[in-house]
Amino acid sequence: MDTPKTAELAHIGRSVTVKGELSGSEDLFIDGQVEGTIELRGNNLTIGPHGFVKAHVNAKDVVVQGKLEGNIQASQRAQLQKSAVAMGDIVTKRVAIEEGAFFKGKIDVQAEGGKGDAAEHTKSEMKSRGVGGSSE
Amino acid sequence: MKLFRGSSVASDHGTATAQARARLTRRSSGVAELTKMLATESTLCVLDLGSTSAANIRYLTELGHRIYSEDLLEASADPALAMKNSEGTPVLDDKRFLSENLIHPSGQFDMVFFWNLADYMDESLVKPVIGRLWSLLKPGGVLLAFFHTREAGPDAPCYRYHIVGGDMLEMQHIQTGRDASARSGSSPHLQRVFNNRHIENLFRDFSSIKFFLARDNVREVLVVR
């Protein structure tokens with residue numbers, strides 16, 4: 001299981017259910033159920049393989065391994081791993097979607113310093129994840 | 001129109017799994033036309049109606065376009081859609097389907113990849129879905145669809161298509177179901193084969209229609225709203 005490797009990491013375990021607004025200034029790993037909104041701004045959010053989140057999410061990096069129903073606003077990067085089931089819109093600068101992930105919604109990759117820059121970042125990100133099968 | 005009911009050969013899970021892993025490539029005249037448009041126009045709004053394809057998302061976002069992904073075939077397999085019409089024939093509830101899927105503002109999209117869905121979706125959904133897509137496309141917007149020719153049999157494999165650039169597509173055999181156990185299970189069956197007249201009728205509200213005949217018993221159809 002991939003968890004963010006930072007000194008400060010909040011963890012919501014499998015048996016925990018949270019309803020309401022979640023905000024904070026440290027990274028968050030969710031393997032339980034959360035319904036509401038999640039505001040982490042400059043920090044990272046990981047939805048673990050058992051996590052089920054029904055919320056609009058705002059964070060720096062967002063990694064989805066479990067299930068998410070809601071929009072993702074990631075100031076840096078959004079990543080859907082192969083076990084992810086995500087329904088909602090994604091607005092970010094870089095996106096990585098692994099083969100096998102399920103996604104329903106819109107992806108809007110926003111330019112960092114112009115369209116070319118954003119495209120280049122997206123490309124390198126995708127290559128690093130090895131998605132797209134034999135197309136690389 | 002030639003209708004198929006069920007499969008002539010029982011599905012073999014091992015074979016299906018092996019087919020799912022293998023990927024084939026094919027040239028596509030329709031995709032070639034669309035990639036010209038994708039390369040020359042900026043920030044297009046594109047709707048991909050096949051299974052989630054990381055390759056398509058990558059290809060389109062790299063070019064600066066906005067992509068919407070929606071797996072219509074998966075959605076049409078929802079058991080809650082099953083009902084019977086006034087004659088007692090089992091059909092799918094198209095009104096419910098359209099209340100849960102393809103919910104976007106009218107005239108939002110410049111381009112729709114409809115792929116081969118018309119051949120694999122339940123017949124009761126095909127016309128309503130195409131009607132909805134007409135309203136979702138901007139005037140002048142384009143839609144690409146693939147149709148099997150009559151040489152294709154009921155076990156013609158269902159592929160999801162990945163755009164790999166230029167006029168090339170990568171084809172991956174798909175199974176229905178969102179979880180791993182379902183993916184190793186059944187593959188969607190070809191429901192029917194449309195002839196040219198039926199295809200023209202399906203898209204009669206569109207302003208133009210162009211056919212490309214491919215070698216693999218598939219016709220590519222590019223329509224403009």
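The sum of -39500 (n - 2.57) across all DSSP H runs of n ≥ 4, divided by the residue count of chain B, sets its helix-only mean residue ellipticity at 222 nm to -8500 deg cm²/dmol.
Entry for the stretch A:9-128 at q = 0.10 Å⁻¹: log10 I(q)/I(0) = -0.27, Debye formula applied to identical alpha-carbon scatterers, no solvent contribution. Rounded to the nearest Hz, the phi-derived 3J(HN,Hα) couplings of the stretch A:12-20 under the Karplus curve 6.51 cos²θ - 1.76 cosθ + 1.60 (θ = phi - 60°) are 10, x, 4, 8, 9, 10, 10, 10, x, where x marks glycine and proline. Once the Cα-Cα distance is subtracted from the 0.36 nm per residue extended length, the residue A:56 to residue A:15 segment shows a gain of 12.6 nm. Close amide-amide hydrogen proximity is noted between residue B:115 and B:144, B:146, each under 5 Å apart and 5 or more residues distant or on a separate chain (H modeled in the peptide plane; Pro and chain starts excluded). Here's how it looks for residue B:195: its modeled amide H is under 5 Å from those of B:2, which are all 5 or more places away or on a different chain. Scaled to the globular estimate 2.2 N^0.38 Å, the Cα spread of the stretch B:2-224, given as radius of gyration, is 0.98.
Only helices at least 24 Å long along their axis, Cα-based, and averaging -1.0 or more on Kyte-Doolittle count here, so list those DSSP H runs from chain B. The qualifying helices: there are none. Restricting the GluC sites (Glu not before Pro) of the stretch B:72-151 to loop positions (DSSP other than H, G, I, E, B) with no more than 14 neighbouring Cβ atoms within 10 Å leaves B:87, B:151.
When B:218, A:16 are arranged by Cβ crowding within 10 Å, least crowded first, meaning fewest neighbours, the order is A:16, B:218.
Computed from the coordinates by the stated procedures, all read-outs in this text should not be read as laboratory data. These figures come from a predicted structure and were not determined experimentally. Virtual Cβ from ideal backbone geometry, glycine too; neighbours counted across all protein chains shown.
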